[in-house]
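One structure is given below, encoded as structure tokens.
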Amino acid sequence: MMRLATLLTAALLLAGCSGMRLVESNVRSTAAIPTGGSGIEAGARYRFERLPSQLDQAETDSIEAIAEAELTEVGLVRDETGAQYSVQVTARMESYLVDDLGRPYSGRMGSSIFIGTGNIGFGTGGMIGMGTRFPPSTQFRHEATLLIRDLARNQVVYETRAIHEGPWNDRYNILRAVLAAALKDFPTPPAGPRRVKVEIPR
């Protein structure tokens, strides 16, 4: 009976682990804290500010909704009419091919083939050594940058950027983890680059 209970416990633990994934991001954050101040206070109100390049309404709406959820987690309140701060958020995802060691393909690698639009031959894309796996693995780079500006002083008072590279391409789920990493230790982040881990469901 004890052995059965132990096996069941182990199975539940494994099931719980398999239902989650760890998203690690490289993060660098900088806060401009006034002399004698403590940074942006909890409950501060903000509005989103869009760049001229953010013309895709649906795409920008989706990114801002994710950012709003993470800003709420750190104590900020969205208020379009009574804002003290503006928030600019940008995000992008790109994909690239990697070799068996996870290194991006670049330049010539001995005997090679071109990856085109489904055919082997001349086309666009990276060159792949004949001894490597085919088709090659794809990695995805997710990047998010967030700028907070003090509207009264017209000055950026918080800047943070996070980058994650991994095998997942469910963009918005990964973006939420990347933004959560970017806002880690807000509003007084440690100096220099750091690695931040965020756990999300599979």
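A few comments on the model shown:
- Count of residues meeting criterion [in a loop (DSSP other than H, G, I, E, B) and charged (D, E, K, R)] in the range 153-187: 4
Quick grid of which residues meet (1) more than 17 Å from the chain's Cα centre (by Cα); (2) touching a residue at least 24 places away in the same chain (Cβ under 8 Å); (3) within 18 Å of Asn173 (Cβ to Cβ):
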residue: Gly39; (1), (2), (3): yes, yes, no
residue: Ala42; (1), (2), (3): yes, yes, no
residue: Arg45; (1), (2), (3): yes, yes, no
residue: Asp56; (1), (2), (3): yes, no, no
residue: Ile63; (1), (2), (3): no, yes, yes
residue: Glu68; (1), (2), (3): no, no, yes
residue: Tyr85; (1), (2), (3): yes, yes, no
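- Selected residue [over 26 Å from Ala44 (Cβ atoms), crowded, with 20+ Cβ neighbours inside 10 Å and either without any contact (Cβ under 8 Å) to a residue 12 or more places away in the chain or among the hydrophobic types (A, V, I, L, M, F, W, C) (or both)] from Ile200, Ile174, Ile163: Ile174
- Index of the failed condition, Pro34 passing every other in (1) in a strand (DSSP E or B); (2) of a type outside the set (A, V, I, L, M); (3) modelled with pLDDT under 95: (1)
- Screening Val23 on (1) modelled with pLDDT of 95 or more; (2) of a type in the set (A, V, I, L, M); (3) open to solvent by 60 Å² or more (accessible area, probe 1.4 Å) shows it passes everything except condition (3).
- Conditions (1) open to solvent by less than 60 Å² (accessible area, probe 1.4 Å); (2) at pLDDT below 95; (3) under 30 Å from Thr30 (Cβ atoms); number of the one not met by Ala180: (2)
- For Leu51, the criteria (1) touching a residue at least 24 places away in the same chain (Cβ under 8 Å); (2) open to solvent by less than 40 Å² (accessible area, probe 1.4 Å); (3) touching a strand residue (DSSP E or B) at 6+ places or on another chain (Cβ under 9 Å) hold in every case but one, which is (2).
- Residue match in the range 54-67 (condition: in a strand (DSSP E or B) and open to solvent by 60 Å² or more (accessible area, probe 1.4 Å)): no
The values are calculated or read from the model by the stated rules, or taken from the named source; none is laboratory data. This is a predicted model, so every value here is computed, not measured. Note that we place each Cβ from the backbone using ideal geometry, even for glycine, and neighbour counts take in every protein chain shown. Protein only, heavy atoms only, side chains kept; ligands, DNA and RNA dropped before computing areas. Shrake-Rupley method; radii C 1.70, N 1.55, O 1.52, S 1.80 Å.
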